[in-house]
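Chemist: My questions will all concern the structure given below.
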Ligand code: ADP
Ligand code: MN
């Protein structure tokens, strides 16, 4: 098991005195680091140096601030430093938010207003970085922006008679090019050129522009690489901070380790703590599903969410990071629906951005085995089959959902019954591919139980009809699938014409629910 190094241990259970006397971010390194000019200019480094200085000046203050909550990975000071900085930033932001509220309260509707701008802790550029994306191109409100040189008006020339100046004028054009340099990415060093009366020829400007763009692309690639590598190891600093907060708030007692690392998510085990509100009880053991924030894994899953009308309006407006949060949100909604229908599944505890905390299926840190990994007696096998049949029907009819990734990999055997998990990709049956997903689920289930020796197991086509209540009569796979697609198309056409989904695909009356 991988430790994530975020744990709330009792003070006496903390590590030995060796590090208690030290500051929590590790001993300040005294070795001088050689670095480039760019590094010297970097804000990050400035912050680090400042923190180092503070550590040296006020060691006892920092030592006192050390909580009992951070254990392990003490050697990993660089990442703890980052954590500290992020916490500080978080604090500053909260402080600023309070300032803003006070400013608003004082000013009210008054025509004359007082600004608290100068008391803010966070630089205006950082203040909305909680959304972690920065629009590099947006320089509209740049306070440092130099006044634009006067350029020719839209008609293309200025002046009268002999004094006429056209837009092709060398001086005007040169100034305009200089002004346009501010559209380059901010990392691109253009010096004081913008502020000076500098005239760039078209040729020079174009060469610069090319270079700026390729630099921008290169740094974006580097950034992606860095993010990827951290996520690969365990979790990225942002996720770590969120997990840390959950432990710090007491909601979770300890995060013990990693249960699974999949392509799209990492699942951790944790012991539940106390809820802030009385009415909500945190389960004794929790599973934390962290949806990976490395974007490339998710691209192929677009189709599940893109066509889900519940998310349709939002999808087009979102950036990839938000889409990942939507996966977590989707899993939460789907689990809640299932819970309400009484289907055995994890119970949602909390959703924080791309992190979903739910009840743990298993005991004493040992997760319940997947159906593919247990050997069941033929009796249990039969019981499991009927239970799944029943659950698929409930899912379809009561929850109005198709699992869409149902197989022996996403069913756990616990407490003598089957539990359904992994429903982030589940869709409503009227999803443009909903019935195809259902058919695939049916095929997985049929094949598993037929191979497992359940004589009663329906074949995939029978199962599909039994679950959906549709009455597709085709007796071979190809025709069956064609009919499914025709139905989906019919529904889509209906949506196009009437702007509304058919509530469900139901034929003549509901077939009986299988109850064994
Ligand atoms: P993925 O999309 O990566 O397949 P899953 O939701 O299937 O994500 O979770 C991966 C694995 O983590 C599961 O196969 C299961 O072993 C474990 N797991 C997930 N949720 C829970 C839970 N609530 N309780 C116990 N184990 C869980
Ligand atoms: Mn899974």
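The values are calculated or read from the model by the stated rules, or taken from the named source; none is laboratory data. These numbers were taken from a predicted model, which means no experiment stands behind them. No Cβ is skipped: glycine too gets one built from the backbone with ideal geometry, and neighbour counts run over all protein chains shown.
Chemist: Are any residues in segment 234-276 more than 24 Å from residue 410 (Cβ to Cβ) and either in a strand (DSSP E or B) or within 16 Å of ligand 2 (Cβ to nearest atom) (or both), and if so, which ones?
Modeler: 252, 253, 254, 271 - these are the residues of segment 234-276 that are more than 24 Å from residue 410 (Cβ to Cβ) and either in a strand (DSSP E or B) or within 16 Å of ligand 2 (Cβ to nearest atom) (or both).
Chemist: Further, regarding this structure: Among the residues of segment 414-423, what is the count of those that are buried (at least 21 other Cβ atoms within 10 Å of the Cβ) and more than 9 Å from ligand 1 (Cβ to nearest atom)?
Modeler: Counting residues in segment 414-423 that are buried (at least 21 other Cβ atoms within 10 Å of the Cβ) and more than 9 Å from ligand 1 (Cβ to nearest atom) gives 2.
Chemist: How many of the residues in segment 424-436 are buried (at least 22 other Cβ atoms within 10 Å of the Cβ) and within 16 Å of ligand 1 (Cβ to nearest atom)?
Modeler: Total satisfying the criteria: 3.
Chemist: Sort out for me the strands (runs of 3 or more DSSP E) sitting completely within segment 343-442 that have 1 or more residues that are farther than 21 Å from residue 327 by Cα and within 16 Å of ligand 2 (Cβ to nearest atom).
Modeler: 411-414, 417-420
Chemist: Same structure, new question: Across segment 174-194, what is the total count of residues that are at pLDDT 75 or above and buried (at least 17 other Cβ atoms within 10 Å of the Cβ)?
Modeler: 7
Chemist: Identify the single condition in (1) modelled with pLDDT of 80 or more; (2) away from ligand 2 (no atom under 16 Å from the Cβ); (3) surrounded by 16 or more Cβ atoms within 10 Å (Cβ to Cβ); (4) under 27 Å from residue 432 (Cβ atoms) that residue 336 does not satisfy, given that it satisfies every other one.
Modeler: With respect to (1) modelled with pLDDT of 80 or more; (2) away from ligand 2 (no atom under 16 Å from the Cβ); (3) surrounded by 16 or more Cβ atoms within 10 Å (Cβ to Cβ); (4) under 27 Å from residue 432 (Cβ atoms), residue 336 is out only on (3).
Chemist: So, of the residues in segment 257-267 that are crowded, with 18+ Cβ neighbours inside 10 Å and farther than 23 Å from residue 320 by Cβ, which turns out to be farthest from ligand 1 (Cβ to nearest atom)?
Modeler: Here the answer is 258.
Chemist: Inspect segment 298-310 for any residue being within 25 Å of residue 237 (Cα to Cα), within 12 Å of ligand 1 (Cβ to nearest atom), touching a strand residue (DSSP E or B) at 6+ places or on another chain (Cβ under 9 Å) and at pLDDT below 95 and give the result as yes or no.
Modeler: Yes: one or more hits.
Chemist: Sticking with this one: Based on this model, can you work out whether residue 346 counts as outside the structural domain of residue 427 (by the TED database) and modelled with pLDDT of 95 or more?
Modeler: yes
Residue by residue, here is whether (1) more than 16 Å from ligand 1 (Cβ to nearest atom); (2) touching a helix residue (DSSP H, G or I) at 6+ places or on another chain (Cβ under 9 Å); (3) in contact (Cβ under 8 Å) with a residue 12 or more places away in the chain holds:
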| site | (1), (2), (3) |
| --- | --- |
| 332 | no, no, yes |
| 346 | no, yes, yes |
| 355 | no, yes, yes |
| 359 | no, no, yes |
| 372 | no, yes, yes |
| 384 | yes, yes, yes |
| 392 | yes, yes, yes |
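Chemist: Assess whether residue 281 counts as being within 26 Å of residue 82 (Cα to Cα) and either within 16 Å of ligand 2 (Cβ to nearest atom) or in a loop (DSSP other than H, G, I, E, B) (or both).
Modeler: no
Chemist: Also, quick follow-up: Kindly indicate whether residue 401 is away from ligand 1 (no atom under 11 Å from the Cβ) and buried (at least 20 other Cβ atoms within 10 Å of the Cβ).
Modeler: yes
Chemist: Between residues in segment 396-417 that are over 17 Å from residue 381 (Cβ atoms) and modelled with pLDDT of 95 or more and residues that are within 10 Å of ligand 2 (Cβ to nearest atom) and in a loop (DSSP other than H, G, I, E, B), which pairs lie under 7 Å by C-beta distance while being six or more apart or on different chains?
Modeler: 403/423; 404/425; 405/422; 405/425; 410/421; 410/422
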